[in-house]
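> Structure below; questions to follow.
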Amino acid sequence: MAVRYAVVAGILAGLLGMYSTMATAQTPAVPATTPADSAPVDAEIRRQMAEGHLVGVAAAVILDGEVVWRGGYGLADRDSGRPFTTDTVMNIASISKSVVGAAMMRAQEEGLLSLDADVSGYLPFAVRNPHYPDQPITLRQLATHTSSISDRWSLYATSYHFGRDAPQPLGEFLKGYLAVGGADYAPDNFLSAAPGAERDYSNIGAGLAGYIVERVTGEPLARYAQRRLFEPLGMHSTRWHLTPAGATPDATLYIAQDEMAIAIQPYTVTTWPDGGVRTSVEDLSKFFIALLNRGQGNENRVLQQNSVDEMLRLQFTPTHKPGNVDIAEKNSGLFWQTKYNTRYVGHGGSDPGMKTEMLATPDLRTGVVFFTNTSGEGTEKAYDGILKALFAHAEVLRRAQAQ
């Protein structure tokens, strides 16, 4: 979610001076939980961490629905020396949208919503693009970022709250932003294009989808996801919102700048369904496996096969696509999308101090989960290098299995 990171860059510029915990980012020799034949990928990950000044990294490789490799490197918290492992919990930013997508599909299975119905029917307020007031907006459009709801960046940046959970209720924010007469309502909250006509990545649209799941199920999204997804899949470290009192602290997040790593406070966003899930590589791998296995994971079925097929189906075709999309470069499932010019599918997340990826090959047989608690100058090259190394290692492991 690089666009979100760009929006809050100005906030971070002001915050950096508040934090005195500064030191050159190191990648000490914390043992990786990996097989002995992983020396090449271990060395490459550590090299990329050193060049990108990444404080901590964890990753897993999935082949045919099973984790076959896992590794943890560096530190989850530099002050305490706590290592970053595949059990380390941190926020995952926009991969949270795929969790919203799975919850949305489960609610549809229960007969509580329809992907192609007018979202206004599920809400206590009407949502209409003022430029096209007669055209409904649907959940399918929210999930493919074609709803015409736009993130007005000057306002969205103020929805980040450092050191606390967001004080404004989600529904109150959405009504104020989307309903005529709302406190933050403006025509600029919507594109000039009609719903369905263009693809424009919308965090607020994803927040609205999560709120609709709450409305139709009659329970908080965090609880619904816990009951329907996290608990059956054995994702015992996964939650929304900040660390509860008495729990093991999440990974500290760092901004890489001038060859230093600067710690920042934990934060939340008012539209928290769009990026607020906190989990570990181990837990997210269980969720990813359930999607790759068409709804089955941890010996439990959390979604019907046809629901997962629809969620992962690329929705755009040469004759049915938004006008600003080239499907050779970008396509979209339901809170699921192609990455790296359609080479992979899945979802990623970017926010201040972190980067995550949950990616698979298009045949869904090979998957990678990647976390780091560092963002900033020069980190993108390191991310790409680590992902390349992980997929290369996956091929090594697959060839070894075939022998």
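The values are calculated or read from the model by the stated rules, or taken from the named source; none is laboratory data. In this text, all values refer to a predicted model and were calculated from it rather than measured experimentally. Cβ placement follows ideal geometry from the backbone for every residue including glycine, while neighbour counts extend to all protein chains displayed.
> Being among the polar types (S, T, N, Q), crowded, with 16+ Cβ neighbours inside 10 Å, modelled with pLDDT of 95 or more and closer than 30 Å to Gln265 by Cα: is that true of Asn129 here?
no
> Being surrounded by fewer than 16 Cβ atoms within 10 Å (Cβ to Cβ) and polar (S, T, N, Q) is the filter; apply it to segment 154-200 and report the residue that is nearest to His131 (Cα to Cα).
Ser192
> When you scan segment 333-340, do you find a residue that is at pLDDT 95 or above, assigned to a loop (DSSP other than H, G, I, E, B) and surrounded by fewer than 21 Cβ atoms within 10 Å (Cβ to Cβ), even just one?
no
> Surrounded by fewer than 24 Cβ atoms within 10 Å (Cβ to Cβ), among the β-branched types (Val, Ile, Thr) and either under 13 Å from the mean Cα position of the chain (by Cα) or at pLDDT below 95 (or both), is that true of Thr317?
no
> Suppose we filter Leu284, Leu364 for residues that are closer than 30 Å to Val57 by Cβ and in contact with a strand residue (DSSP E or B) (Cβ under 6 Å, 6 or more places away or on another chain); which single one remains?
Leu284
Conditions (1) modelled with pLDDT under 95; (2) farther than 15 Å from Asp283 by Cβ; (3) in a strand (DSSP E or B), marked per residue:
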| position | (1), (2), (3) |
| --- | --- |
| Ala29 | yes, yes, no |
| Thr34 | yes, yes, no |
| Asp37 | yes, yes, no |
| Ala43 | no, yes, no |
| Gln48 | no, yes, no |
| Ala59 | no, no, yes |
| Thr86 | no, no, no |
| Lys97 | no, yes, no |
| Ala103 | no, yes, no |
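> OK, next. Failed condition for Ala394, given (1) under 20 Å from Val68 (Cα atoms); (2) part of a strand (DSSP E or B); (3) small (Gly, Ala, Ser), with all others met?
(2)
> Sticking with this structure for a sec: For residues that are part of a loop (DSSP other than H, G, I, E, B) and touching a residue at least 24 places away in the same chain (Cβ under 8 Å), scanning just segment 341-360, find the one that is nearest to Ala197 (Cα to Cα).
So, considering only residues that are part of a loop (DSSP other than H, G, I, E, B) and touching a residue at least 24 places away in the same chain (Cβ under 8 Å), the one nearest to Ala197 (Cα to Cα) is Pro352.
> Here's another thing I want to ask about it. Return the residue satisfying two criteria in turn: it lies in segment 302-322 and is outside any loop (DSSP other than H, G, I, E, B) and free of Cβ contacts under 8 Å to residues at least 40 places away in the same chain, and of such residues it is nearest to Ile95 (Cα to Cα).
By that ranking, first place goes to Asp309.
> Could you check segment 210-259 and list, in sequence order, the residues that are assigned to a helix (DSSP H, G or I), under 28 Å from Ser375 (Cα atoms) and in contact with a Leu (Cβ under 9 Å, 6 or more places away or on another chain)?
Gly210
> Taking only pairs six or more apart or across chains, which ones have beta-carbon atoms under 9 Å, a first residue in segment 192-203 that is without any contact (Cβ under 8 Å) to a residue 12 or more places away in the chain, and a second residue that is of a type in the set (A, V, I, L, M)?
That search, which allows pairs on different chains as well, returns nothing.
> Being closer than 30 Å to Phe162 by Cβ and out of contact with any strand residue (DSSP E or B) (no Cβ under 6 Å at 6 or more places or on another chain) is true for just one of Ala328, Ala402, Ala382. Which residue is that?
Residue meeting the stated conditions: Ala382.
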